[in-house]
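**Student:** Have a look at the structure that comes next, please.
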Amino acid sequence: MKNLVIGATVLILCLGILYVGVGLEFGVPLFTDMDEYFVSHGQEQTGGNNIVTDIVFDFRGFDTLGEATVLFTAVLGAGLVFRKRGEDEEYEYE
Amino acid sequence: MNMSKIVREAANLLFPFILVFGFYIVLHGHLTPGGGFQGGAVIATGFVLLFVAYSYPQITERIGVGALHNTETLGLLLFIVTALIALGFGVTFFTNWMLDIGPILNNPVAFGPNPGDLNTAGVIPVMNIAVGIEVLGALSVIVLYMMSGTKETI
């Protein structure tokens, strides 16, 4: 039963990849409403020439806030792992 | 352990040019490809070049871990405060409030390809600088943390 489920999952994944690779034409996306809106209104609404930066910092600012928070948390984690150990603290390197 | 004198001199020579290129990418983020994150990563490579050329004790005499960590925190705070100021003008969080208020960063932009003007795009250049500061602090302090785990003698 387990093997059947794994086999079906792999088969569906392979068919999906095959469909994306063969069935869809490259450079012709299915849904173009959003990108056409960004390209035609981005410069006028935000004033920046670089559409990517317009989207990242203006249209989707919350996304960038999350990304900055992730980076901050990563630094906190690295500082926790590589912190100075006390003399009486027990640890061992593997 | 220091690298050889050739490596150290080459790192000293290249460091200011890497900084200038990185800050160029950050400041022109709203005009040319790139932006805060990419420019900050370029600046961090300059710092990492110094870190690998010199030993950890020599580096921490000049650049402290706390200073880089404070740089990162300052960038994140500048980013959030810039977004929060919009609330004071009666618009929502993360609105591009500089576009309507004040003479700075407010020039009109023509649609389509144009030569580009640094004095445009409202709040976007400020946020680019904030994210650039944050990324340069974060990526270099991670490498500095990892170097602190090495057992080396001068």
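Laboratory data are not the source of any read-out in this text; all were calculated from the coordinates shown. It should be emphasised that the depicted structure is a prediction, and the values quoted were computed from it without experimental measurement. Cβ: placed from backbone, ideal geometry, glycine included. Neighbour counts: every protein chain shown.
**Student:** Could you give the alpha-carbon Rg of the protein assembly as shown over 2.2 N^0.38 Å, rounded to two decimals?
**Tutor:** Values: Rg = 23.2 Å, N = 248, 2.2 N^0.38 = 17.9 Å.
Ratio of Rg to 2.2 N^0.38 Å for the protein assembly as shown: 1.30.
**Student:** Rounded to the nearest 0.05, what FRET efficiency do B:Ala10 and B:Ile85 have when you use their Cβ-Cβ distance and R0 = 35 Å? Write out the running numbers ahead of the final one.
**Tutor:** Numbers: r = 43 Å, r/R0 = 1.24.
Rounded to the nearest 0.05, the efficiency is 0.20.
**Student:** Shielding of B:25-32 by partners, i.e. mean partner chain Cβ atoms within 10 Å per residue? Each step should come with its number before you reach the end.
**Tutor:** Values: counts 0, 0, 0, 3, 6, 10, 4, 3.
Per residue, the average neighbour count from other chains is 3.
**Student:** Obtain the nm distance between the two label points defined at B:Met3 and A:Val10 by a simple spin-label model: each point lies 7 Å from its Cα along the Cα-to-C-beta direction.
**Tutor:** 4.5 nm
**Student:** For B:Ala41, what is the net charge nearby, where nearby means another residue's Cβ is under 15 Å from its Cβ and Lys, Arg count +1, Asp, Glu -1?
**Tutor:** Numbers: positive: none; negative: A:Glu67, B:Glu72, B:Glu134.
It works out to a net charge of -3.
**Student:** Let me ask something else about it. At what distance in angstrom do the alpha carbon centres of the range A:33-61 and the range B:75-106 lie from each other?
**Tutor:** Between the Cα centre of the range A:33-61 and that of the range B:75-106, the gap is 17 Å.
**Student:** Each residue of the range A:55-60 in order: what ³J(HN,Hα) in whole Hz does its phi give by Karplus 6.51 cos²θ - 1.76 cosθ + 1.60, θ = phi - 60°, with x for Gly and Pro?
**Tutor:** In residue order, the calculated couplings are 5, 5, 9, 10, 5, 10 Hz.
**Student:** I'd like the GluC sites (Glu not before Pro) in the range A:1-67 restricted to DSSP loop residues with at most 14 other Cβ atoms within 10 Å, sorted by number. Working shown, then result.
**Tutor:** Working: sites: A:Glu25, A:Glu36, A:Glu44, A:Glu67; in loops: A:Glu25.
Taking the range A:1-67 and a limit of 14 other Cβ atoms within 10 Å, the loop GluC sites (Glu not before Pro) found are A:Glu25.
**Student:** Also: Within the range B:1-102, report the chymotrypsin sites (Phe, Trp or Tyr not before Pro) that DSSP leaves as loop and that have at most 14 other Cβ atoms within 10 Å. Can you show the working numbers first?
**Tutor:** On the way: sites: B:Phe17, B:Phe21, B:Phe23, B:Tyr24, B:Phe37, B:Phe47, B:Phe51, B:Tyr54, B:Phe79, B:Phe89, B:Phe93, B:Phe94, B:Trp97; in loops: B:Tyr54, B:Phe89, B:Phe93, B:Phe94.
Sparse-neighbourhood loop chymotrypsin sites (Phe, Trp or Tyr not before Pro): B:Phe89, B:Phe93.
**Student:** How big is Rg to Rh over the range B:55-154, alpha-carbon atoms, Rh as the Kirkwood inverse-mean-distance radius? If you can, show how the numbers build up before the last one.
**Tutor:** Values: Rg = 19.2 Å, Rh = 16.2 Å.
So for the range B:55-154, dividing Rg by the Kirkwood Rh gives 1.19.
**Student:** Sticking with this structure for a sec: When the dipole is taken about the Cα centre of the range A:2-81, and only Lys, Arg (+1) and Asp, Glu (-1) are charged at their Cβ, what size is it in debye, to the nearest 20?
**Tutor:** Numbers: 2 positive and 9 negative charges, 120 e Å.
Value, rounded to 20: 580 debye.
**Student:** With 10 Å bins from zero, work out the P(r) of the range A:1-53 over every alpha carbon pair and list the percent per bin.
**Tutor:** Values per bin, smallest distances first: 20, 24, 21, 19, 12, 4.
**Student:** Same structure, new question: Pick out, from A:Gly27, A:Val39, A:Val81, the residue whose Cα sits farthest towards the positive end of the charge dipole of chain A, with +1 on the Cβ of Lys and Arg and -1 on the Cβ of Asp and Glu.
**Tutor:** It is A:Gly27.
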